[in-house]
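J.: One structure is given below, represented as structure tokens, and several questions about it will come after.
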Amino acid sequence: MQYCGVFCSSTANISISRSNASVRTVFVQRLPWMRILTPHGNRMTSRGVVYYRTLNKDIDDMKTTIYALVFVALGSALQAQGSTAVLPNINLDASLEVTAADLRAHVEWLASDELEGRGTGTPSIDLAAEYIAREFLRYGLQPAGDNGTFFQTFDVITGAQSSGNSLAWQSGGESTTLDSTQFMPYAFSASGSFTGTPVYAGYGIVATGEDIDDYAGLSVEGRVVIVRSGYPDDVNPHGSVPVLASVRGKEVTAREKGASALLVIMEEGKSISGLKYDGSPARTGIPVGRITAAAARRLLTAAGVEGKIDGEFKKGPAARGPMAKGIPARESGSMEVQGRFNVDLIRKQTRNVLALLPGSNSDGAEGVFVIGGHYDHLGWGGHGSLYRGEIPMIHNGADDNASGTAGVLELAQYFTANPTRHSLLFMAFSGEEMGLLGSGHWVNEPTIERSRVRAMYNLDMIGRLPVATRRLNVQGIGTSPVWKELVNKFNDAENFDLALIEDGHGSSDHSSFYSKDIPVLFFFTGLHTDYHRPSDDAHKLDYKGQEEVVRYIAEIVEASDALESIPFTRVKKTEKQKVSRFNVYVGTIPDYGYSEGFKITGTSPGSPAEEAGMQDGDILLLFGTTEISSIYDYMTALSRHKPGEEVPVVVRRGEDEITLTVKLVSK
């Protein structure tokens with residue numbers, strides 16, 4: 001038997017037993033390879049019996065031929081993936097209405113310790129995906145993923161690993177070799193060997209607007225540049241220096257100066273703690289590593305530099321003294337640093353879960369409404385976590401976003417009993433916490449024609465409705481002229497304190513759809529002190545409030561379904577919305593799922609980027625004189641310019657390279 005581990009579709013004869021109950025026993029003519037979920041949903045049987053919720057309680061002794069959706073070897077597939085948990089029993093008492101009890105049941109399992117925080121690319125999130133797909137199957141929805149399944153699979157980068165690294169130097173006939181407790185490449189470092197005489201470049205910052213040039217008088221072509229971490233505390237923390245002082249910013253400067261490698265000195269007393277992935281697949285152009293203060297002192301002493309530095313490698317001295325200035329190393333052919341850094345990105349597969357409920361429209365004008373929310377979270381923490389404890393802890397993500405996932409499931413079940421004219425596509429996205437990867441993948445590789453999508457409703461963190469204020473954030477109001485009247489009309493009964501936000505961009509999955517000119521609404525009950533911390537647990541949710549939010553969304557979807565059209569409008573950013581750490585504003589919208597450079601998914605209306613002619617899909621190659629190979633290069637480039645400047649920009653569009661001119665404005 002071939003274990004495919006996915007929902008498969010096969011024609012089978014079924015007969016529905018005589019019953020007045022809403023849950024019926026369905027006898028299936030089983031094919032030889034078929035394995036079917038038992039009534040409890042947590043083990044397989046070869047008997048031809050499944051349980052199916054019918055919506056018409058008056059059907060008696062009906063026989064027909066339909067597509068029976070069966071799950072192939074669920075237990076074997078999950079065991080092979082390394083998961084020790086099992087799916088919970090099917091809730092046969094679930095209501096066809098939206099209820100707090102059903103929402104709680106979904107959240108309590110999705111946010112249980114058994115799922116270990118649903119980290120993208122882990123066996124536990126695979127189990128969550130199976131649960132969601134099983135629920136879609138139970139509601140009688142059609143698979144809307146790849147190859148007739150409920151799943152759309154895509155690749156993600158979940159971390160980095162490194163081995164076989166070396167760092168040594170020869171001076172005066174003596175050789176010194178460091179071990180792994182004294183240096184480590186950064187997870188985003190380029191891999192490769194490097195050699196060169198060392199040069200100390202202070203903080204390694206060049207900020208013309210701040211009159212800072214740590215490379216003044218230094219020749220670093222082909223040399224190994226050694227710099228301090230951070231920046232001194234006598235500079236403006238709100239200017240361009242913090243960006244230029246990041247490790248990636250220092251690497252861009254060193255690379256442009258011709259360095260063969262960059263070593264960043266750690267603060268005094270800090271020790272090597274292993275490779276830490278920062279959540280971005282973007283790699284640097286040259287090898288970049290960190291070196292302990294003690295090891296750096298040995299290296300600089302051998303280079304004849306240490307004696308010229310007065311002080312210790314501590315964070316942010318009050319003034320830019322001798323330690324902050326670049327000092328040429330001893331020009332000696334006998335002094336050479338050699339090293340090799342090997343860093344490999346860890347690639348895994350993850351899955352969106354998709355199901356379609358066909359509409360009842362018979363006039364040939366059927367569209368599709370997307371109802372979605374992400375089901376991934378942070379696993380055991382790491383990048384994105386606000387937890388600062390030493391011991392790793394499971395981040396269950398009850399509100400973020402088991403609550404939204406539960407809402408999607410409840411709406412799917414509700415609409416099976418309350419069909420709409422247009423079809424409904426229910427989507428649970430993976431990879432949201434890593435940069436909207438799942439929704440970004442779907443809008444670029446849609447499983448149905450994207451032109452059919454009338455609107456997208458995003459449910460993210462809807463489980464903590466404030467009791468005192470009943471404040472509900474609804475974002476995307478400006479993406480269609482119909483939204484404001486609609487959301488206000490149905491609030492008369494709910495009496496939420498609506499916080500209406502015009503823009504369709506944001507840090508959740510609706511943004512991916514808005515970038516493709518699709519009207520969006522994003523529902524969100526607000527941030528709280530448990531956000532991205534291990535304390536975001538199921539018992540802290542207000543399930544009655546969540547029920548009210550989901551019912552409200554259902555009413556808006558039903559009202560949207562009755563509209564003849566939902567026109568799309570792009571929201572022009574106001575001056576207050578141009579929030580940036582830079583002095584200049586361009587208006588590009590990054591594609592965070594693209595790892596081979598800096599790609600944009602569009603531009604903000606009326607922005608310099610739009611006026612320059614930048615388009616969705618453009619890959620930036622050059623901004624001014626800065627070569628762009630990642631979003632970090634782009635950020636560094638922005639930090640080097642001022643409002644009013646006209647900057648040449650080279651983009652790759654398809655097979656062509658196009659030069660545009662961007663006139664920068666103040667942020």
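J.: With T525, T529 as the choices, which residue is β-branched (V, I, T), modelled with pLDDT under 95 and over 30 Å from E610 (Cα atoms)?
T.: T529
J.: When you look at A261, is it farther than 25 Å from G279 by Cα, under 35 Å from the mean Cα position of the chain (by Cα) and crowded, with 21+ Cβ neighbours inside 10 Å, yes or no?
T.: no
J.: Assess whether D211 counts as being surrounded by fewer than 16 Cβ atoms within 10 Å (Cβ to Cβ), free of Cβ contacts under 8 Å to residues at least 12 places away in the same chain and either touching a Leu at 6+ places or on another chain (Cβ under 8 Å) or at negative phi (or both).
T.: So D211 fails the test.
J.: Taking the condition of being at pLDDT 95 or above and assigned to a loop (DSSP other than H, G, I, E, B), how many residues in the range 259-279 meet it?
T.: 2
J.: Would you mind finding the one in F136, F194, F188, F183 that is closer than 30 Å to I90 by Cβ and either aromatic (F, W, Y) or not assigned by TED's automatic domain parsing to the domain that holds L425 (or both)?
T.: Result of the check over F136, F194, F188, F183: F136.
J.: Then there is this: For the range 185-238, which residues satisfy the criterion of being in a strand (DSSP E or B) and among the polar types (S, T, N, Q)?
T.: Once the filter is applied, which keeps residues that are in a strand (DSSP E or B) and among the polar types (S, T, N, Q), the range 185-238 yields S193, T195.
J.: Sticking with this one: Considering every residue within the range 153-169, establish whether at least one is under 30 Å from Y414 (Cβ atoms), buried (at least 19 other Cβ atoms within 10 Å of the Cβ) and either free of Cβ contacts under 8 Å to residues at least 40 places away in the same chain or touching a helix residue (DSSP H, G or I) at 6+ places or on another chain (Cβ under 8 Å) (or both).
T.: For the range 153-169, residues under 30 Å from Y414 (Cβ atoms), buried (at least 19 other Cβ atoms within 10 Å of the Cβ) and either free of Cβ contacts under 8 Å to residues at least 40 places away in the same chain or touching a helix residue (DSSP H, G or I) at 6+ places or on another chain (Cβ under 8 Å) (or both): present.
J.: Please enumerate the residues belonging to the range 448-481 that are over 15 Å from D542 (Cα atoms), crowded, with 19+ Cβ neighbours inside 10 Å and of a type in the set (V, I, T).
T.: Within the range 448-481, V453, V474, I477, T479 qualify.
J.: Another one. Does the range 100-126 hold any residues that are crowded, with 19+ Cβ neighbours inside 10 Å and in contact with an Asp or Glu (Cβ under 8 Å, 6 or more places away or on another chain), and which are they?
T.: Of everything in the range 100-126, those that are crowded, with 19+ Cβ neighbours inside 10 Å and in contact with an Asp or Glu (Cβ under 8 Å, 6 or more places away or on another chain) turn out to be D102, L103, H106, A111, R118, G119, T120, T122, S124, I125.
J.: If you check every pair at least six apart or on different chains, which have Cβ atoms under 6 Å apart with a residue in the range 496-513 that is assigned to a strand (DSSP E or B) first and a residue that is among the aliphatic types (A, V, I, L, M) and surrounded by 18 or more Cβ atoms within 10 Å (Cβ to Cβ) second?
T.: What qualifies is L498/L472; L498/V474; L500/V474; L500/I477.
The rows are residues; the columns are (1) of a type in the set (S, T, Y); (2) within 30 Å of G382 (Cβ to Cβ).
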| residue | (1), (2) |
| --- | --- |
| S180 | yes, yes |
| M184 | no, yes |
| T197 | yes, no |
| A207 | no, no |
| E210 | no, no |
| G217 | no, no |
| V220 | no, no |
| R223 | no, no |
| G230 | no, yes |
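The values are calculated or read from the model by the stated rules, or taken from the named source; none is laboratory data. Every value quoted in this text rests on a predicted model; they were computed, and no experiment measured them. Don't worry about glycine lacking a Cβ; one is built from the backbone with ideal geometry, like all the others, and counts go over all protein chains shown.
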